[in-house]
Amino acid sequence: MNDIESRDAAQQVDEDVAQQVDVVVIGAGQAGLSSAYHLRRTGFEPDRDFVVLDHSPRPGGAWQFRWPTLTYGKVHGMHALPGMELTGADPSRPSSEVIGAYFDTYERTFDLRVRRPVDVHAVREGEAGRVLVETSAGNWSTRAVINATGTWGRPFWPRYPGQETFRGRQLHTAQYRGPQEFTGQRVIVVGGGASGTQHLMEIAPHAAATSWVTRRPPIFREEPFDENVGRAAVALVEERVRQGLPPGSVVSVTGLPLSDAIRKARADGVLDRLPMFDRITPDGVEWDDGRHIDADVILWATGFRAAIDHLAPLRLREPGGGIRMEGTRVAADPRLHLVGYGPSASTIGANRAGRAAVRDIRRLLAQEAVDVAA
């Protein structure tokens, strides 16, 4: 029994004091704001019909936590929110500032009334077919939930033998704040995604030495990432969640775009990839073939997992470890939609998922009204 389920058994919530709405949106990143926009656009009133809850201290979703050296010009795949383009942004400004300001303007322009900071503790079965959402700011009783909590709050740390013996520093992408702190150090970057390559290219001019380690050989994509490539990648991830498996990484399907900066880094030996090490030692890492690399820092650019522990009381996970989906709808519970999850984890996918979730929820609520009238 996990902590949430233990609390379920010990705590009985008085639903009479819960605020009543039709829809609760959890998360105000790209997917959450897209969902709120489409709710507003189709006649739902904020505070009366729906509420948006966000645990972050300010607008910007996960972008507000990105490292300062990730400028807007370096951002890969940022797609505008529905109804309002992001125009005139200075490419040299930190993406956290640019996108944070854009999200802030968006929330105010469409009067989305995001409540923050609010921590959602648990989502559980309520009374009379409703869903109860328990939070640090009180409880909501709702007819449907759009979960848009993303992944930033759940960084993935792989485990390797000897990890606890390492005398240097270990950190995750979520804790990365720029290359200067690695000056004169020997750094191993683990991970074959976009973050790993960005970290390496930034750190290499400052560090004494860098090494790049990945589980699989990276795939660099020469051809442009067009609509057909994107559709094929999303389809593969969608098939996994349809089967109830954890969503895979879209980057593992699409590969890394071969930009001029990456070409130079490869030519300079910065992106000279090594296979995954077998163990961590007090002063570095080593392989079974006897090879050893000394290190002061191991930077885990190993991605994130879906932040959905608060949904545990609903027992949605399938034997395969994931949540089986039909579009954005949870197959086992049509009241629940996951946006920004699996195939909709990209920014353009999050926009489409928000629209699809709202369309489905409107049908669900309309059918409920027909059933009550009958």
Give me the dipole magnitude in Debye, nearest 20, for the chain about the Cα centre, with unit charges on the beta carbon: positive for Lys and Arg, negative for Asp and Glu. 560 debye
1/(1 + (r/R0)^6) with r = Cβ-Cβ of Arg159 and Arg115, R0 = 41 Å, i.e. FRET efficiency to nearest 0.05, evaluates to 0.65
Over all directions, how big on average is the projection of the convex hull of the alpha-carbon atoms in segment 95-163, in square nanometres? 8.0 nm²
Taking GluC sites (Glu not before Pro) in a DSSP loop with at most 14 other Cβ atoms within 10 angstrom as exposed, one finds the longest site-free stretch of the chain at 223-374
Against the 2.2 N^0.38 Å scaling, with N counting residues, where does segment 44-120 land? I'd like the Cα-based Rg ratio to two decimal places. 1.17
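Using only DSSP helix segments of four residues or longer, with each worth -39500 (n - 2.57), what per-residue ellipticity at 222 nm results for the chain after dividing by its residue count and rounding to 500? Walk me through the intermediate numbers first.
On the way: 8 runs with 101 residues, N = 374.
Rounded to the nearest 500, it is -8500 deg cm²/dmol.
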Residues of segment 147-171 with amide N under 11 Å of a point placed 7 Å along Cα→Cβ from Arg305: 154-159
Can you give me the distance in nm between label points at Glu125 and Arg242, each placed 7 Å from the Cα along the Cα-to-Cβ direction? 2.9 nm
Estimated FRET transfer efficiency when R0 is 41 angstrom, pair Ala80-Ala209 (beta carbons, to 0.05): 0.50
A correct Stokes-Einstein calculation for the chain, using the alpha-carbon Kirkwood radius, 25 °C and 0.890 mPa s, returns a whole-number D in µm² s⁻¹ of 111 µm²/s
Please give me, ordered by residue number, the trypsin sites (Lys or Arg not before Pro) of segment 266-303 that lie in loop per DSSP and have at most 14 other Cβ atoms within 10 Å. Arg291
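The numbers here are math on the coordinates, done by the rules we state, and not lab data. These numbers come from a predicted model, not from an experiment. Heads up, the Cβs are rebuilt from the backbone with ideal geometry, glycines too, and the neighbour counts pull from every protein chain shown.
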